[in-house]
Amino acid sequence: MSTMIALIGEQPMPNLLPVLYYQPERVVLVYTEKTEKVAQRLKAIRNEAILLGPVGAYDITDTEECIRSWIETNAIDRTNILFNVTGGTKMMMLPSYRLAEKMGSPFFYLESGKINTIYLYRFLPDGTLSLSEKTELPPLIDIETFLRVHVGGYSPGSGAKEEKGRLFEEGVYHSLEGKMDEIKSNIRIGGALEIDLVVRIGNRFGIIEAKAGRADKKAIDQLNTAGGREYLGTYTSKFVVMGESWGEKSNLRELAEARQIAAIEMSHYDGSGTLVAEDQQRLVETIRERM
């Protein structure tokens, strides 16, 4: 039986994507007090996953002993163990590497970005380390699973209260429909936090706040919160799409840039709910470029 041992950090994607890719028969989630909730949400996606911990986030001997003891107690076949050293703290990575070396087990690291790449290493018979595989991950996850693993789930949002806002949101949605791998509208997370649109390209995700007029500071704050560490994670791209320009004197553009939010102005929008071809192209290109 194949076993993946994963170190759980504050972001779930570095552990979820490899599980979806390798499909191990057994997954062990090594967590700390700070990352227990992340481990529980991962287990909710993979019910048979085993929670192991909490270990000391900076205690090398504690982490190594906890993992080693579990392997020995459960008589795990060491030839079928695969270590994921991506998550957790750097001090958790070291004991995982030490155990992999002692047992001759392979381990891997997931590079996150526009392309998710797994670097798989193996120890040769003489003990030297070799890069065995470098693999770009295919699309593995949908929006629903993305939301579940980050915030436990979601519910339908109420959408824009005014007609002009609803028309603009629909115009943005239809402009992106078919241009993204997946798109969902009007999502509520965390009880009261609403997101106008969630989009997916491959394994990358973006959230969009759509405003028929000029976006205000509240819209920026909401995007910043939704795309923060406690909600949808630091790998999520953030966009504010507006039917009117901020203008040169507004300081909101600088605020958005400081919070890594891309502002996209639909300069030809006339209030009809339909975006002209030029604005549609700029919208799609900007989102694809940033994600």
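The values are calculated or read from the model by the stated rules, or taken from the named source; none is laboratory data. What you see is a predicted model; the values in this text were computed from it and never measured. We place every Cβ from the backbone using ideal geometry, glycine too, and count neighbours over all the protein chains shown.
Can you tell me which residue within segment 203-245, out of those that are in a helix (DSSP H, G or I) and without any contact (Cβ under 8 Å) to a residue 24 or more places away in the chain, is surrounded by the fewest Cβ atoms within 10 Å (Cβ to Cβ)?
218
Is it the case that some residue within segment 7-28 is touching a residue at least 60 places away in the same chain (Cβ under 8 Å) and of a type in the set (Phe, Trp, Tyr)?
Yes, some residue in segment 7-28 is touching a residue at least 60 places away in the same chain (Cβ under 8 Å) and of a type in the set (Phe, Trp, Tyr).
Quick grid of which residues meet (1) under 30 Å from residue 183 (Cβ atoms); (2) surrounded by 15 or more Cβ atoms within 10 Å (Cβ to Cβ); (3) in contact with a helix residue (DSSP H, G or I) (Cβ under 6 Å, 6 or more places away or on another chain):
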site: 74; (1), (2), (3): no, no, no
site: 100; (1), (2), (3): no, yes, no
site: 104; (1), (2), (3): no, no, no
site: 133; (1), (2), (3): no, no, no
site: 139; (1), (2), (3): yes, no, no
site: 148; (1), (2), (3): yes, yes, no
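Please indicate, with yes or no, whether at least one residue in segment 83-91 is modelled with pLDDT of 95 or more, out of contact with any strand residue (DSSP E or B) (no Cβ under 8 Å at 6 or more places or on another chain), closer than 30 Å to residue 288 by Cβ and among the polar types (S, T, N, Q).
Within segment 83-91, not a single residue is modelled with pLDDT of 95 or more, out of contact with any strand residue (DSSP E or B) (no Cβ under 8 Å at 6 or more places or on another chain), closer than 30 Å to residue 288 by Cβ and among the polar types (S, T, N, Q).
Restricting to segment 109-131, and then to whatever is of a type in the set (Gly, Ala, Ser) and closer than 23 Å to residue 180 by Cα, can you tell me which residue is surrounded by the fewest Cβ atoms within 10 Å (Cβ to Cβ)?
In this case the residue turns out to be 113.
I'm trying to understand the selection: among the residues of segment 267-291, which are among the hydrophobic types (A, V, I, L, M, F, W, C) and either assigned to a strand (DSSP E or B) or surrounded by fewer than 20 Cβ atoms within 10 Å (Cβ to Cβ) (or both)?
Across segment 267-291, the qualifying residues are 276, 277, 284, 291.
For segment 246-266, which residues satisfy the criterion of being assigned to a loop (DSSP other than H, G, I, E, B) and either touching an Asp or Glu at 6+ places or on another chain (Cβ under 8 Å) or among the β-branched types (Val, Ile, Thr) (or both)?
246, 266
Look at residue 47 and say whether it is within 22 Å of residue 143 (Cβ to Cβ) and modelled with pLDDT under 95.
yes
Which of (1) in the same structural domain as residue 18 (by TED's automatic domain parsing); (2) exposed (fewer than 14 other Cβ atoms within 10 Å of the Cβ); (3) farther than 30 Å from residue 267 by Cβ is the odd one out, the single condition residue 191 does not satisfy?
Looking at each condition in turn, residue 191 falls short on (1).
Sort through 82, 7, 29 and tell me the only one that's surrounded by 15 or more Cβ atoms within 10 Å (Cβ to Cβ) and under 17 Å from the mean Cα position of the chain (by Cα).
7
Residue 22: in contact with a helix residue (DSSP H, G or I) (Cβ under 9 Å, 6 or more places away or on another chain) and of a type in the set (Ser, Thr, Tyr), yes or no?
no
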